[in-house]
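Novice: Before anything else, here's the structure in question.
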Amino acid sequence: MKIEVRADGVHISGYVNVTEKPSRPVITPHGKVIEVIEPRAFEKALARAGDISVTVDHDSTHIYASTREGSLKMFEDNIGLHADVLIVDPAIIEIAKQGKIKGWSFGMYNVVDSLEQRADKLPLRRISDMDIDHLTLVVKKNPVYSATSVEVRAENEIDLELRAMDITPQITQTAEDTPPPVSFDIKAYKERTDKLRK
């Protein structure tokens, strides 16, 4: 994750999830498994997705960016799911400057998967398709790849699985947001010291 504080807000970019990378043990509707998201699963989800919003710590009461307004762009490439976010909310900009954004997570549902039982290992869950519910910045919660929850959406109960990756964010601040270095004019002082030396 790359975090850049610029004049127009905070720009956050990077990979939300790497396809074909085995997860840590994760709790799922199948129990505890190792999980792999197959290539093109995100591409299919994004092709049919409606508006995808950006929240903080999965709190859906505050939306900070979205695909509909163009402040969130997502795509899948040969590495995985990549996101670019622009947030203009002053509180989130300040949190970013303080280095409090630990990573990001996403919510998925309608998961299409297969389960492979393995001797002396946790089962391997392969996800071939899903719907993406939202993207979230992780601030207060630890970005561990290990949560499942149930939320009520549109009067229907759905299994909303939450996923995150361990990352180390890189934070930069552009020159226009950084105070200029302090400089001193020492010309007069140098002239006086030169006269004293003569």
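A short reminder: the numbers here are calculations on the coordinates, not readings from a lab. Keep in mind the model is a prediction, meaning the values are calculated, not measured. Note that we place each Cβ from the backbone using ideal geometry, even for glycine, and neighbour counts take in every protein chain shown.
Novice: With θ set to phi - 60°, apply the Karplus curve 6.51 cos²θ - 1.76 cosθ + 1.60 along region 16-28 and write out the HN-Hα couplings as whole Hz, x wherever there is a Gly or Pro.
Specialist: These are the phi-based 3J(HN,Hα) values: 7, 7, 9, 5, 6, 9, x, 7, 5, x, 9, 8, 9 Hz.
Novice: Past the 27 Å Cα-Cα mark, which pairs from K21/K97; K21/K73; K73/K102; K100/K121; K44/K140; K21/K102?
Specialist: Over 27 Å Cα-Cα: K21/K97; K100/K121; K44/K140.
Novice: Let me ask something else about it. Let a ≥ b ≥ c be the square roots of the eigenvalues of the Cα gyration tensor of region 1-142; is it rounded (a/c under 1.5), or, if not, prolate (a/b larger than b/c) or oblate?
Specialist: In terms of gyration-tensor shape, prolate.
Novice: How do 26-36, 7-17, 89-99, 115-125 rank on mean C-beta neighbours within 10 Å, highest first?
Specialist: 7-17, 26-36, 89-99, 115-125
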